[in-house]
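A quick write-up on the structure given underneath.
The values are calculated or read from the model by the stated rules, or taken from the named source; none is laboratory data. On a predicted model such as this, the values are computed, not experimentally measured, just so you know. Glycine gets a Cβ as well: all are built from the backbone with ideal geometry, and neighbour counts include every protein chain shown.
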Amino acid sequence: MSTIKSELSFDMDNFHTPVLLKEVIENLRIEKDKKYIDATIGGGGHAVEILKLGGKVLGIDVDREAIGYIKDQELNIKNSKNLILVKGNFRDIDEIAKSKGFDKVAGIIFDLGASSHQLERQERGFSFQKEGPLDMRMDQELAVRALDLIKILTKRELYEIFTKFGEENRAWAISERIVSSRKMKPIKTTKDLTLVVGEAFGIGGSRSNFAKAQVAKRVFQALRIAVNDELDALEQALPKAISLLEKNGKLAVISFHSLEDRIVKKEFIKYKEKKLGVIITEKPIIPEDHELKKNWKARSAKLRIFEKSLI
Ligand SMILES: C[S@@+](CC[C@H](N)C(=O)[O-])C[C@H]1O[C@@H](n2cnc3c(N)ncnc32)[C@H](O)[C@@H]1O
């Protein structure tokens, strides 16, 4: 692994707490010297365990801060010589894997969504609870931020994003409010948007703060999915991941909301029908109570696993 230190200025503690760690590791059945891909390395929780057990890991992340964080942790990671890091999008998992000699692997993990680091760093603009620029790019090289979408899109286009990616049934009122508000004052920060959403939702009655927060959460989720083209990336990546697996290789995917989970479920059924292998998890694995007690953020996690049986 590269020894170049990145220039990180943020607090490196609590980058991310891995979710369903035991369940992922047990099901991947890690073997010494076999190759594995962590397509969303984040803070390295899953990758570090695979390395400890003697596996070789190709770690991918689209966020340069995640890659920089892992590089800075090199000395603390057991068997870090067996880790290769690539900053890239998992939608290109096949090309990235082949370029690093990981074209036949024993297991692949996708742990979808945002890391705690991304959600909690206010400069990244992911959270409606933290004041910051309305950015939301996981890949800092993307040209379009959430504030650009809010500025440029038509009422109908915003409505479609909030409906499709946020499943928000007040999407029309919110889009209308955004379009009228931005004529008077640009919507540039997380707080600007949260206020506008609150106004749209609160019109005609006093709604509870909890209900307002739920709407804001769905609107932010929808924008994040749109900015990062998350669902398309997942749909493109899964068949490529299957093709990289060797016989008995396993694909593990952790999703955090129904839109992602639906894609994973549908894709796995497709691979089963094509007789590529078996679905190990007829029902998704969810965190046990003791995990939720320690990490409430894991509450919506669902793990699905597919095992390839054909080459
Ligand atoms: C939930 S975190 C992963 C946490 C990691 N498993 C751990 O235990 O620390 C998800 C990570 O996936 C990355 N990510 C999201 N979409 C991606 C994509 N299309 N390609 C590559 N990385 C992506 C995010 O930048 C984030 O760092």
For this session: Of all residues in the stretch 229-244, count the ones that are within 9 Å of the ligand (Cβ to nearest atom) and touching an Asp or Glu at 6+ places or on another chain (Cβ under 7 Å).
Result: 1
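Have a look at T40, T17 and point out the one that is within 12 Å of the ligand (Cβ to nearest atom), under 14 Å from the mean Cα position of the chain (by Cα) and surrounded by fewer than 21 Cβ atoms within 10 Å (Cβ to Cβ).
Step by step, each of T40, T17 is checked, and only T17 is within 12 Å of the ligand (Cβ to nearest atom), under 14 Å from the mean Cα position of the chain (by Cα) and surrounded by fewer than 21 Cβ atoms within 10 Å (Cβ to Cβ).
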For this session: Quick one: which residue in L153, L149, L112, L158 is within 16 Å of the ligand (Cβ to nearest atom) and either touching a Gly at 6+ places or on another chain (Cβ under 6 Å) or modelled with pLDDT of 95 or more (or both)?
Result: L112
For this session: Output yes when any residue across the stretch 183-192 is away from the ligand (no atom under 16 Å from the Cβ), of a type in the set (S, T, Y) and in the same structural domain as A39 (by TED's automatic domain parsing), and no when none is.
Result: no
Problem set entry | Tally, over the stretch 63-82, of residues that are more than 9 Å from the ligand (Cβ to nearest atom) and of a type in the set (G, A, S) | 2
Exercise. Do we find a residue being among the polar types (S, T, N, Q) and in contact (Cβ under 8 Å) with a residue 40 or more places away in the chain anywhere in the stretch 133-141?
Worked result: yes
Exercise. Hey, does the stretch 84-94 have a residue that's more than 9 Å from the ligand (Cβ to nearest atom) and either touching a Cys at 6+ places or on another chain (Cβ under 6 Å) or among the basic types (K, R) (or both)?
Worked result: no
For this session: Answer yes or no as to whether F210 is crowded, with 21+ Cβ neighbours inside 10 Å and not assigned by TED's automatic domain parsing to the domain that holds I37.
Result: no
Exercise. Any residue at all in the stretch 213-229 that is touching a residue at least 40 places away in the same chain (Cβ under 8 Å) and more than 30 Å from E176 (Cα to Cα)?
Worked result: no
Exercise. Of the residues that make up the stretch 25-36, is at least one within 27 Å of L119 (Cα to Cα) and either among the acidic types (D, E) or surrounded by fewer than 22 Cβ atoms within 10 Å (Cβ to Cβ) (or both)?
Worked result: yes
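Determine if the stretch 124-138 includes at least one residue that is farther than 30 Å from F165 by Cα, surrounded by 21 or more Cβ atoms within 10 Å (Cβ to Cβ) and of a type in the set (A, V, I, L, M, F, W, C).
no
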For this session: Could you grab me the full set of residues in the stretch 38-94 that are out of contact with any strand residue (DSSP E or B) (no Cβ under 6 Å at 6 or more places or on another chain) and among the acidic types (D, E)?
Result: E49, D61, D63, E65, D72, E74, D92, D94
Exercise. Has the stretch 265-284 got any residue that is closer than 24 Å to D92 by Cα, within 12 Å of the ligand (Cβ to nearest atom) and modelled with pLDDT of 95 or more?
Worked result: no
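Scan the helices (runs of 4 or more DSSP H) fully inside the stretch 51-155 and keep the ones with 2 or more residues being in contact with a helix residue (DSSP H, G or I) (Cβ under 7 Å, 6 or more places away or on another chain) and under 21 Å from D229 (Cα atoms).
Values: elements: 64-72, 93-99, 116-120, 146-152.
Here the list reads 93-99, 116-120, 146-152.
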Problem set entry | Scope the stretch 245-257; condition touching a Ser or Thr at 6+ places or on another chain (Cβ under 9 Å) and away from the ligand (no atom under 15 Å from the Cβ); matching residues | K247, N248
